[in-house]
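Below: the structure, in structure tokens.
The values are calculated or read from the model by the stated rules, or taken from the named source; none is laboratory data. Given the structure is predicted, the values throughout are model-derived calculations rather than measurements. Cβ: placed from backbone, ideal geometry, glycine included. Neighbour counts: every protein chain shown.
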Amino acid sequence: MSYRKRLALLVLLDSLIVSTAIFIALWIAYPSTIGALQLDAIIISAIALLLFHHLFATVYKLYNKVWSYASVGELVVIVKAITLSILATGIVQFIVNDFSIYRRALLVTWMLHIILIGGSRFVWRIFRDRYIASNDVNQKRTLIIGAGAAGAMIARQMKTENKNAELYPVAFVDDDLSKQKMQLYNLPVAGSVKDVPQLVTDLDIEHIIIAIPSLHNGELKKVISICNETKAKVQMLPKIEDIMSGKVSVSTLKNVEVEDVLGRETVELDINTISEYVTGNTVMVTGAGGSIGSEICRQLMRFTPSKIVLVGHGEFSIYNIDMELREQYGDTEIEIVPVIGDVQDRTRIFNIVETHKPTIIYHAAAHKHVPLMEYNPHEAVKNNVVGTKNVSEAADTFGVKTFVLVSTDKAVNPTNVMGATKRLAEMVIQDLATRSKTKIVAVRFGNVLGSRGSVIPLFKKQIEKGGPVTVTHPDMTRYFMTIPEASRLVIQAGTLAKGGEIFVLDMGEPVKIVDLARNLIKLSGYTEDEIPVKFAGIRPGEKMFEELLNENEVLPGEVYEKIYVGRTVEVDSVRLLDLIDRFNGYSDVELKDALMGIVFAEREMVVAEGS
């Protein structure tokens, strides 16, 4: 129906109701004395009532509402418009009727208007909800987990969508005993979360929505695990922090990701300490366009540094993070400085640090791909070892207060070039820390979900192509952490720096890669019959499992929630610097042997000290 036809119909309907309601009200209010009433005053009151009703209906936009979605808010507007029109009519009646008002008649008229005008609007919504929206056999029967405010909003939205909506709510589940056997929007709370598999079967559920945005990761993991026992597709509301930050709205549904399955309880950061450490200071991040580096930048911006220097070798990645931060924080006084520079270029790095004089440097620039570094050991040394030496020595030379190296679990007992070069990078800064006024530390953690080169994007591409999903070995395990959590803990660890420490983030329990692949297949809506898992064999340089600290390195107890610190180990700086000076003259094989020789000698020394 066009807007003009709809408007004419509503105006005509209201006119009939208003014109007749006052006469019906007089008959109800004064059944025995109606003949004694002033007819002229009544007719004038009816005309005034009609005019005032349309006036206030226009003011409150009653003719512009979409009444198929009418709710309490629309009812309040109707009451306001009708009340004002009755009051205005009462004033007119008082003037034309010898300063008297038929109060009972106007009160009954007021009630009749609310019942008839309000009812006429809500009848359409009821008819639509019951006989139109629910009759589409193509809609997927949906179970909503969580009968709270978010669940109610989702149910209402789905029930009032047009008949082409994909989902139709059937029932809720909620662990709150006070909600059991109750109804919400005419939908039953049919059980608790543990009942989901049975309810999916009993109610022919095709779709499940987890509508509890405040769920912590540990609780969410349990709920998702129960849902994954069924064949229904699972979606969820965004997390509460994403809603509060304005990234998404409450009504936005998202697919369950592997991050949600593997996620852990969020660590509460020491906001005051980080604010004192970052707020008003200049911060520099190398590798600022990478997965970890860019997230460190995002997290730092929350604490309002005076300047953030984004250093990176890749032009496009620096452009992206620069534009993102400017778009989100362009109205603040934070100075955002994008800098193209290679950490291997010592002169350039020294120039950048001297120019901007950062208080804190987060060094996230590194080559991290294990098989690629096996084929390119010289590039691994240049970027991971020499690059770290350049940035840390620039920090020392120009009086930077704190330098934080982002390291990896692959630096523990390394069996590959990448891990060995990261361990040498740690040794470089540990050696420098013994004579520097700069607080120089490393933060070591495992794989991050969704980072460049990680298995998650690879698995997703393989699933999109129809499989198979390739896993190296059925027993291959890795530690995993989300990028935001890793970045937050790196920032927190920087506040704990005294100099020379290797901080280690608690990565939780290691995860089998094959389980990760199977979870991702399931979350993508497939079975292993449709997308098979194929074992491809261990790649060059890979270990079956990773370690964060060997038993002789770790100090007992956390220095902060999920943050541990390793023992200080004496570094053979002569041998280390000799390799850095001479590595360009080595062949690939000779360089690998030299790298492994240094880390093996250190391992022997650690074992000897430990015994």
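What the table below lists for this structure:
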read-out: Any pair with Cβ under 7 angstrom, 6 or more apart, that starts in the range 177-196 at a residue that is at positive phi and surrounded by 15 or more Cβ atoms within 10 Å (Cβ to Cβ) and ends at one that is among the β-branched types (Val, Ile, Thr) and in a strand (DSSP E or B); value: Gly191/Val173
read-out: For Phe350: the one exception among (1) closer than 29 Å to Thr279 by Cα; (2) crowded, with 20+ Cβ neighbours inside 10 Å; value: (2)
read-out: Flag for Lys382 being of a type in the set (Lys, Arg) and crowded, with 17+ Cβ neighbours inside 10 Å; value: yes
read-out: Selection from the range 269-322 of residues that are of a type in the set (D, E, K, R), outside any helix (DSSP H, G or I) and in the same structural domain as Arg346 (by TED's automatic domain parsing); value: Arg302, Lys307
read-out: Any hit, the range 136-153, residues being at pLDDT 90 or above, hydroxyl-bearing (Ser, Thr, Tyr) and outside any loop (DSSP other than H, G, I, E, B); value: yes
read-out: Given (1) touching a strand residue (DSSP E or B) at 6+ places or on another chain (Cβ under 7 Å); (2) aliphatic (A, V, I, L, M); (3) more than 11 Å from Gly146 (Cβ to Cβ), index of the condition Leu220 fails; value: (1)
read-out: Test: residue in the range 327-339 that is out of contact with any strand residue (DSSP E or B) (no Cβ under 6 Å at 6 or more places or on another chain), closer than 26 Å to Leu237 by Cα, at pLDDT below 95 and not hydroxyl-bearing (Ser, Thr, Tyr); value: yes
read-out: Spans of strands (runs of 3 or more DSSP E) in the range 388-505 with at least 3 residues within 29 Å of Asp270 (Cβ to Cβ) and in the same structural domain as Ile349 (by TED's automatic domain parsing); value: 402-408, 439-445, 447-449, 502-505
read-out: Residues satisfying the stated conditions in the range 352-387, i.e. of a type in the set (Lys, Arg) and in a loop (DSSP other than H, G, I, E, B); value: Lys357, Lys368
read-out: The listed residue being modelled with pLDDT of 85 or more, outside any strand (DSSP E or B) and surrounded by 13 or more Cβ atoms within 10 Å (Cβ to Cβ), out of Thr230, Thr266; value: Thr230
read-out: Every residue from the range 562-603 that is modelled with pLDDT of 80 or more, surrounded by fewer than 17 Cβ atoms within 10 Å (Cβ to Cβ) and not in a helix (DSSP H, G or I); value: Asp572, Ser587
read-out: Subset of the range 94-120 that is in a loop (DSSP other than H, G, I, E, B) and of a type outside the set (D, E, K, R) - its residue that is surrounded by the fewest Cβ atoms within 10 Å (Cβ to Cβ); value: Phe99
read-out: Selected residue (criterion: nearest to Ala365 (Cα to Cα)) from residues of the range 304-333 that are among the hydrophobic types (A, V, I, L, M, F, W, C) and surrounded by fewer than 19 Cβ atoms within 10 Å (Cβ to Cβ); value: Phe316
read-out: So Asp345, is it farther than 19 Å from Ser487 by Cα and modelled with pLDDT under 95; value: no
read-out: The range 323-345: number of residues that are closer than 17 Å to Pro358 by Cβ and in a helix (DSSP H, G or I); value: 1
read-out: Verdict on Val339 being within 27 Å of Phe445 (Cα to Cα) and touching a residue at least 40 places away in the same chain (Cβ under 8 Å); value: no
